[in-house]
Amino acid sequence: MSDQPLLIALVAIQFLVHALGWTMTARLTQRWRDAEGQFAAFWLLLAVGLMLYVPAWPSGSAPRNVGDLLIVAAMAVQHRGMALYWGHRPSDRGYVALLVCTALTIALSLAQGTGHGLRVAAVCVGVGVMLLATVRLIWSRGRHETPTFAAIVAGGYGLLAIALLARALQALSVDAATKISIDAPGHRNVSLAILVLFVGGLINLAQIRLVLGRVLQHLTTQAQTDALTGTANRRGLMQRLEEVHSRAQQGEHGYVVLMVDIDHFKAINDEHGHAEGDNVLKRVAQTLRDELRAGDVVARWGGEEFCVLLPRIGLAEADALAQRVATQIASAGKPRVTVSIGVAEVHVRSEDPDGVIRRADVALYRAKQAGRNRVVTAASLAPA
């Protein structure tokens, strides 16, 4: 008696466990139409398709043919999930065409008394093609973000794809009476089943790595974002400021910091209520974002105060930009609000990021002392 069916059943059970895990993930995240839902469907289709190989169905029987189609469909769904993860929503026509071609090939093989090899080849080619398409997707989208991860996963997928395409050629060349499907006795089939088990684990780890990476990125973004205004918070600004300062020390362009404070904000809260005060904060934050350049960073520094990082700019240009921002804020919306702005250009050789922020803060204090609703530069102030 062959041990092949038992090995296939163990592989199918492992894949079923993966399916349950991804089903729970999709349910918790409510991402049934995104990558998580696609991965759950992939493992379920693959597990059911392999399980149909466990009973001793004769070659060409309906359950065996259904299993073949489910396995090819699973690989198509897996590729679709990977594409969705990277923000690409592929057309389903290619997947449907692959399944139709596979089904027609199987139907053609059933009309031949010696069609067993053709059926095996059809499944191997269908799965191999989708694996190679996934390799291309991972390499084109993932190698810049995680080169080591992309190389390992693409290598594993590619190894199985090559093995399956070689298997397809073998299926078309052996004697028609020889049974060579994965459940047939033979050392080569044991090796193929073990390879499927190994690559299956690799695929699951790859999917987990991708989704966890997205979750961690989302959490990092949340940790660096002000919940009320949607701007960066102090932590997010300082991280970006350190990066820009480091590049400036290496000879790249300098930068300018603006400290922006809403004038008489307490009076706005007292007169109109805290809800309206929150609306004013959001309006000022949105105006700052609208008026600044791509690459500039707006952050809520605390209370009614914002800090703006302007990379690759000089003091005169930054001062003109700040004047324009102040004018736009004063003319937009009700209740009417004004802002005071302090402007400081970095002295790369003699100060750190905290130093330029302190000088911008001193300039802001002078703007408020001078009557508010104005812009003051720190050009005449010595670095801290």
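The values are calculated or read from the model by the stated rules, or taken from the named source; none is laboratory data. Quantities reported herein were computed from a predicted structural model and do not represent experimental measurements. Positions of Cβ are generated from backbone atoms using ideal geometry, with glycine treated the same way; all protein chains shown enter the neighbour counts.
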Looking at Glu276, Glu271, Glu242, can you tell me which residue is more than 24 Å from Val339 (Cα to Cα) and of a type in the set (Asp, Glu)? Glu242
In region 225-261, what count of residues is obtained for those that are charged (D, E, K, R) and over 21 Å from Arg359 (Cα atoms)? 2
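Matching residues to (1) closer than 23 Å to Gly115 by Cα; (2) modelled with pLDDT under 90:
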{"site": "Met1", "(1), (2)": "no, yes"}
{"site": "Phe15", "(1), (2)": "no, yes"}
{"site": "Gly21", "(1), (2)": "no, yes"}
{"site": "Arg27", "(1), (2)": "no, yes"}
{"site": "Gln30", "(1), (2)": "no, yes"}
{"site": "Gly37", "(1), (2)": "no, no"}
{"site": "Trp43", "(1), (2)": "no, no"}
{"site": "Val72", "(1), (2)": "yes, no"}
{"site": "His88", "(1), (2)": "no, yes"}
Note on Gly230: of the conditions (1) at pLDDT below 75; (2) among the small types (Gly, Ala, Ser); (3) surrounded by 13 or more Cβ atoms within 10 Å (Cβ to Cβ), unmet is (1)
For region 90-100: of the residues being out of contact with any Gly (no Cβ under 9 Å at 6 or more places or on another chain) and modelled with pLDDT of 90 or more, which is surrounded by the fewest Cβ atoms within 10 Å (Cβ to Cβ)? Arg93
Condition first: of a type in the set (A, V, I, L, M, F, W, C), more than 37 Å from the chain's Cα centre (by Cα) and in a helix (DSSP H, G or I). Can you find one or more residues in region 346-358 that meet it? no
Could you give me the residue pairs with C-beta distances under 6 Å whose first residue belongs to region 14-42 and is buried (at least 20 other Cβ atoms within 10 Å of the Cβ), whose second residue is among the polar types (S, T, N, Q) and in a helix (DSSP H, G or I) wherever it lies, and which are 6+ apart or on separate chains? His18/Asn204; Glu36/Thr25; Glu36/Thr29; Phe39/Gln207; Ala40/Thr23; Phe42/Gln78
Within region 224-260, tally of residues that are touching a Gly at 6+ places or on another chain (Cβ under 8 Å), in contact (Cβ under 8 Å) with a residue 40 or more places away in the chain and not β-branched (Val, Ile, Thr): 5
Among the residues of region 208-215, are any modelled with pLDDT under 85 and either charged (D, E, K, R) or touching a Leu at 6+ places or on another chain (Cβ under 9 Å) (or both)? yes
I'm told Ala74 meets every condition in (1) under 19 Å from Val211 (Cβ atoms); (2) within 18 Å of the chain's Cα centre (by Cα) except one. Can you identify the failing condition by its number? (2)
Report yes if Leu228 is assigned to a helix (DSSP H, G or I) and not basic (Lys, Arg), otherwise no. no
Exactly one of Ala163, Ala107, Ala103, Ala121 is assigned by TED's automatic domain parsing to the domain that holds Leu46 and modelled with pLDDT under 90, and that residue is Ala163
